Structures are given as structure tokens and as C-alpha cells.
Amino acid sequence: MAIDDTPSFFFSPWPDRLRHSAIILLAAAIALSAVVVLGELSLLRAAAIFVCIAAAALVPWRLHDATMSREDVRGVNPVESAAVAAVVAGMPDPAVLLDRAGRVIHLNAAAAQLAPALRKNELAQFALRSPEIITALREAIATTETRRATYLDHAPVDRWMELVIIPVPVPTLFGGTDKCMLMTFHDQTPLRRVEEMRADFVANASHELRTPLAALSGFIDTLQGPARDDPKARERFLGIMHSQATRMARLIDDLLSLSRVELSAHVRPDTLVDIVPIIRQVVDGLEPLARERQVEVNVDLPETPAWIAGDREELMRLFENLVENALKYGASGGRVNVSLIAAISSEGQPELRVLVRDFGPGIAPEHLPRLTERFYRVDVGDSRAQGGTGLGLSLVKHIVNRHRGRLLIESVLKQGATFTACFPQARAPSST
């Protein structure tokens, strides 16, 4: 290969060298001509001198060019090449490649989103403030061994992350090898959510299902024994058993819904939905309950669409819980107002607020901070009599949080309560 390349290497620079040496050759020719005219030098000797100067100017010094070429190639650090950058950028998880000093060489878009303070050629310790990350990174740099760390990331929502730091051997400029540090971040939140969901489900189900199951078991024993031939008692007990079974079904349904929402709490919905028709559908669906409780529902919604990034089914469940609670626990006020307004959040961003207000007995101030806790009830007896599971407002809170919104609760005793769900307003979809 080298022999075949020699002729092309030797002759290809001639035009460039002739152009670059033209001034030197012209000056040499004029000087030699003047010396010949003055008789100081013969024409033959002058021609020989000119040939020597031309040869020195035009001969391509292959050794010199080859050395410069190798130096140019060595001037580019192999680790900083485009190929390595493409490999890091193509990794599905957040990934950062560091040198032995802990400076960032490459990072992909997922890592930039996870830690916006990361910058190329700057120390990663300054951008990653978690003590677990810094400790693991220092140990990996000092020992050049793999290190793992698990930490809780609080922004924008709580996420459990696992950090893996792996030493990677890489070539150096002078043909040797060095070790860089490849940091990868793995989101462990779904696994944690599943574990918490399983533990919570067992604890909550065993606590809340014990009472209806005990009632069903007792009534079954009664129907099989003393009330076997008593039609009136049988009808009454069957009605109670039906209500207890319905309560268990609602409880399991709410638990599963809450678990699903918690499982995806760290993933913000990205589908644009108009919440105006969703609210109207919810109010229309609860009209039989409103007639039963003799409550007038007043709806004040805009005629134009109100767009947010959200999950339609979850939003419907949210509004159902808020309006149903108002109809059940604020029925004594005789009316419920459902409205939607546009406002500006405390951060100066546009948001949409859905207000559900009842005019019932209201809620005492000491209960307000705990209303969204699981199974927390202001009046346990009244809640169970109304068919409540104690999970409705907890589900509302988790749905609002998943949509990056806020839940506001205001109440004055004997003046009713107002529940406000606030959502970041989205731009209307462009028409195509």
C-alpha cells in the first residue's frame, strides 16, 4: 500500500509548491540575470544555480509532511472524537463520560435534562450536589473500580435513582491507555412504587376490608341459622350484605386507581385535552345523585376550549370525586357551584382553576391539612354511611400532582367548602 501511494504523494503537491515558490523563483531568476548581465557570472553557472534553487523549493519533503500529518492526527484526543460522543448520546439512560479528574467529556440529552448544571470540561461534582453521588464518584476515581449509589431526587418530583460508575479503558494521545469514568443513571421509581403499592395495599386492604368481611360473615351465619325461616330478617340482612359488598368493591377500585396513579406519578401526561367537556360530562353523570339529594348544581364554564396536558380518564375521576363529595357532604346547603377560571400562578405562569363549592356545614380548620391522607375522615360514621372509602381526596391529590398542578382547600364552618384544582394552561393545538 505504501509503494502504491508514493507516486501520488510525490507528484500531487507539485502544483501547490510551484504556486507557493513562484516569488522565490522569480526573485532568484532576476538576481541571477542581473549578475550575468554585469559579467560577474557565466550563463551556464547561473543556470546551474537556478536549477539548484528551484529543486530546493519544489522538491516535496515527504518525511517532513508525514511527521506533521502524524502530529496533526495525534492532536485530537481519541476520547473526544465524534464516534465516542455519538455512543454516549445514543445511550437510552442518562449517561456522562468523565476523565480521571472528574471533568465532563461527553453527556447525552437525558443527562442534561436530569442535571441541567452539567457542563463539558467542568467538574461534575459542582453540578451533582447529592452526597451519595459525590462519595461514589470520588471512590471510583481513587480506586478505578465500579461504584453504585442510590439516592432520592426531589426535583421536579420525588424519584429514586441508581447511579452506576464504571471505569472505561481508553487510548491516549501517545498510544497508551487511561481510564475514564462512565456514569449512568437508572430510574428506580417504578420498582419502588410497585414495592410501596404492594405494602400499602396489604396494609390498607387488611384494615378497611376487615369490617365489611366480618359483617358479611356474620350475616351469612345468621341466615344459615336463626334467620333461615324469617323472610323479613332475610330481606334486611341481604340488603346490608349488598351494601357491604358494594363498599368493598368501591374500596378495591379506589385502591387500584390510587396505585396506578402513584405508579406513574413521575411521568407527566403529554396529551392535550379540553377539560370543559370533561366537567360537563361529569356533572351530567351525577345528575341523578343531585336529584336524590335535592341539590341544585350550577355550572359556570367558558364557551371556548380550556386546554391542559393531561390524562382524560384520570381527570374525569378527579372531577367525579370532587363533585360527588360536594353532593354527599354538602347537600344540606342545597346547591353546588362548579366553575372554571383562568388565572396566573404564583410563579407568573398561566393556569386553569376548576372550583367546586358547596354550602354545607363546612370543615373545621384542624382537619384541612389532613384531608388528602389515605383513609382520613372528618366524620368516620357519616363517611361510611355515605359510601365513602376515605381514598377520594387522596386520589384527587395524586392526580393533580401528576399533572403538575395544585389542590387548594378552603372552608369556613357553616359556610361550606371550596376545592380548587389548578392546572398549568397549555397552548391550543395548532389546526392543520
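Things to note:
- Proximal lysines relative to residue 120, as straight alpha-carbon distance under 27 Å, when same-chain residues fewer than 8 apart are discounted: 179
- Mean separation of Cα contacts under 8 Å (6+ apart) over length of the stretch 176-299, as relative contact order %: 28
- With all projection directions averaged, the alpha carbon convex hull of the stretch 111-260 covers 13.5 nm².
- Convex hull of alpha carbon positions in the stretch 173-330: directionally averaged projected area 18.2 nm².
- Computed from the C-beta positions of residue 21 and residue 172, the FRET efficiency with R₀ = 45 Å rounds to 0.70.
- With only Cα atoms counted, the stretch 251-359 has Rg and Dmax values of 15.0, 42 Å.
- 25 Å Cα-Cα reach of residue 232 towards lysines, excluding residues that sit fewer than 8 places from it in its own chain: none
- For the stretch 104-258, the relative contact order is 11 percent, taking Cα pairs closer than 8 Å that sit 6 or more residues apart in sequence and dividing their mean separation by the residue count.
- Diffusion of the stretch 89-184 by Stokes-Einstein, at 20 °C in a medium of 1.002 mPa s and with Rh set to the Kirkwood radius over alpha-carbon pairs, works out to 158 µm²/s.
- Loop sites in the stretch 125-170: trypsin sites (Lys or Arg not before Pro), DSSP, at most 14 other Cβ within 10 Å: 129
- Anchor residue 414: lysines whose Cα lies under 16 Å away (excluding residues fewer than 8 positions away in-chain): 328
Every number in this text was worked out from the coordinates using simple rules, so none of it is lab data. Predicted model, so just to flag it, every value in this text is computed and none were measured. Reconstructed Cβ throughout: ideal geometry from the backbone, glycine too, with neighbour counts over all protein chains shown.
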